[in-house]
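The values are calculated or read from the model by the stated rules, or taken from the named source; none is laboratory data. Everything numeric here is computed off the predicted structure, so don't read it as measured data. With ideal geometry, Cβ positions are generated from the backbone for all residues, glycine too; neighbour counts draw on all protein chains shown. The area values use the complete protein model at the heavy-atom level, side chains included, leaving out ligands, DNA and RNA. Shrake-Rupley method; radii C 1.70, N 1.55, O 1.52, S 1.80 Å.
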Amino acid sequence: MTGTARFTLISHILCPYVQRAVITLKELDVPYKRIDIDLANKPEWFLALSPLGKVPLLVVDDETVIFESEVICEYLNEANQGKLLAEDALEKAEQRAWIEFASTTLSIIAQLYNAADKAAFSQLQEKLEHLGQTLEENLVQAEYFSSNEFSLVDAAFAPAFRYLPLFESLSKEQFFQHLPKLALWAQYLLSRPSVIEAVSEHYQQQLMEFLAKRESYLGQLAKSQLTAKAVK
Ligand SMILES: N[C@@H](CCC(=O)N[C@@H](CS)C(=O)NCC(=O)O)C(=O)O
């Protein structure tokens, strides 16, 4: 049990991998302290702690540093006798494989918001749709990924779905809307308290400002929208 352990999560306000860890901490009802850092200006103490210079980091008892979001989530689940992963080895391996799939999805999303122009954006959107189609074929008709029980697979995907409403409103394109199981799953995830609370109430605005700083297709759209709002 981690009952007496002290946890500090070194974070960034928008990072989807941090969100996985926060969702897991909240699902397990584990108290923790969160420290958000500026990734554009990484503090020296953070660089000294983080082997890859990335968030999230989970610092346990001010002593042991765990990095990599999925490792953090699995550790928290295991140490708290959580039920967020299957006990059966084969089922657990399947869940881990889908968590890897979620990470690939996140990396395509990052490429998408960095895509230089509309053509590159559309190409990546197609790639994303292809992943969505594969997911749709593997989803059971339930609230969560493989059942009505929330698992680490859900925690891994939820941050990916959070990007889409803003991407849709900026690009006027739809993501996954024609995939009924996927669309419903995303709705369940985005209305789960642990998922809602993994980011601040200002998330949409923060994401918009983050996008507007990028010299990319979506970045330009975000910048135009922010400028239009400012002159109103
Ligand atoms: N595989 C890592 C990915 C973490 C990651 O890419 N974090 C990003 C923020 S979302 C980061 O810290 N980037 C800083 C950098 O690369 O300099 C995990 O799952 O924890």
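State yes or no: is residue 88 at pLDDT 95 or above and open to solvent by 70 Å² or more (accessible area, probe 1.4 Å)? Spell out the reasoning first.
Numbers: at pLDDT 95 or above: yes; open to solvent by 70 Å² or more (accessible area, probe 1.4 Å): yes.
When the stated conditions are applied, residue 88 passes them.
Scan segment 31-82 residue by residue and report those that are touching a Pro at 6+ places or on another chain (Cβ under 8 Å) and within 17 Å of residue 194 (Cβ to Cβ).
69, 72
Only residues that are within 16 Å of the ligand (Cβ to nearest atom) and either outside the structural domain of residue 29 (by TED's automatic domain parsing) or not β-branched (Val, Ile, Thr) (or both): list them for segment 50-65, please.
50, 51, 52, 53, 54, 56, 57, 58
Within segment 177-232, restricting attention to residues that are touching a residue at least 24 places away in the same chain (Cβ under 8 Å), hydroxyl-bearing (Ser, Thr, Tyr) and part of a loop (DSSP other than H, G, I, E, B), which residue is most open to solvent (accessible area, probe 1.4 Å)?
Checking each candidate, the answer is 200.
So how many residues does segment 109-126 have that are surrounded by fewer than 17 Cβ atoms within 10 Å (Cβ to Cβ) and more than 21 Å from residue 180 (Cβ to Cβ)?
Summing the residues that are surrounded by fewer than 17 Cβ atoms within 10 Å (Cβ to Cβ) and more than 21 Å from residue 180 (Cβ to Cβ) in segment 109-126 gives 9.
So, in segment 146-158, exactly how many residues are farther than 20 Å from residue 81 by Cβ and surrounded by fewer than 24 Cβ atoms within 10 Å (Cβ to Cβ)?
Count: 2.
For residue 173, indicate whether it is open to solvent by 20 Å² or more (accessible area, probe 1.4 Å) and more than 21 Å from residue 23 (Cβ to Cβ).
Here the answer is yes, as residue 173 does meet what is asked.
Taking residue 68, is it within 16 Å of the ligand (Cβ to nearest atom), out of contact with any helix residue (DSSP H, G or I) (no Cβ under 9 Å at 6 or more places or on another chain) and open to solvent by 80 Å² or more (accessible area, probe 1.4 Å)? Walk me through it before giving the result.
On the way: within 16 Å of the ligand (Cβ to nearest atom): yes; out of contact with any helix residue (DSSP H, G or I) (no Cβ under 9 Å at 6 or more places or on another chain): no; open to solvent by 80 Å² or more (accessible area, probe 1.4 Å): yes.
Taking the combined requirement at face value, the residue does not satisfy it.
Can you report the number of residues in segment 97-108 which are open to solvent by 20 Å² or more (accessible area, probe 1.4 Å) and either touching a residue at least 24 places away in the same chain (Cβ under 8 Å) or within 13 Å of residue 163 (Cβ to Cβ) (or both)?
Quick first cut of segment 97-108, residues open to solvent by 20 Å² or more (accessible area, probe 1.4 Å) only: 97-98, 100-101, 103-104, 107.
Keeping just the survivors that are either touching a residue at least 24 places away in the same chain (Cβ under 8 Å) or within 13 Å of residue 163 (Cβ to Cβ) (or both) gives 98, 101, 103-104, 107.
Count: 5.
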